[in-house]
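Heads up: the structure comes next, in structure tokens.
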Amino acid sequence: MTHPDARSWPRLLQCALALTLLTAPTTLLAEPPREVKVERVTLDFHKAPLENVAQFFSNLTRRNLILSADVSGKTITVYAPKPVTVAEAWDAFETALAMNGLHMVRVGRFLKIVSIQRGAADSPARLAGGGRVLSRDGAMETRYVPVAWAPLEDARRVLGELASEDARIIVDERTSALIIVERRRAMPRLLSVLRAIDKPGDTPRLHIYQLDHANAEDVARTLNTLNGR
């Protein structure tokens, strides 16, 4: 019996991944074209089949998208009143997915569209009070965080004041949760604030003070000490 040498392992792994994707309950979309030169696009999808919308964005961004069996047959609305850049269009697509209880997870070189509930249930990474990690892509992290007491819109607004420019915070009314997309380094701060405001009673008001000379971490440490934390 002969054994493959080390140089053949990458090809064997690629074949195994392809076989897994083909046999799993998913919908494979057509391969996106290699060359796409588009500066701005028009988004006008109203309750369109998810397969069609995903194919459009696959061709537009040259990303390989697949659909999980549990999202087959769903419709989605992605609309912009005027032409937008490709990056803005992709952001709108991700937001529309989240508003419909969907998100994308990376599977090899593919992005698989699944339901948030399934992604949360399948995710092995769980942190107390921090929800579930749905995906990590480079420096960014996506979390599904249930909110028990605080009004969702108020919580979203408070976190939005502290989030980075790249962050997205989406309300999922159906499951009473927030979907937070933020830089991994900044995520703990948002989760800490959310834990502080997600308590019975009125949502605390947020006050932001700009310090001219003192170190912010030193001031925070002193205030926490005075409050017995």
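Values in this text are rule-based calculations from the coordinates and carry no lab data. The model shown is predicted, which means the values in this text are computed figures rather than measured ones. Cβ atoms come from the backbone with ideal geometry, glycine included; neighbour counts cover every protein chain shown.
Under 6 Å by Cβ, and 6 or more places apart or on different chains, what pairs join a residue from region 43-70 that is within 16 Å of R109 (Cα to Cα) with one that is β-branched (V, I, T)?
As it stands, the answer is R62/V36; I66/T26; L67/T27; L67/I113; S68/T26; S68/V114, since those pairs meet every condition given.
So which residues in region 67-86 are touching a helix residue (DSSP H, G or I) at 6+ places or on another chain (Cβ under 9 Å), surrounded by fewer than 20 Cβ atoms within 10 Å (Cβ to Cβ) and assigned to a helix (DSSP H, G or I)?
Correct list: D70, V86.
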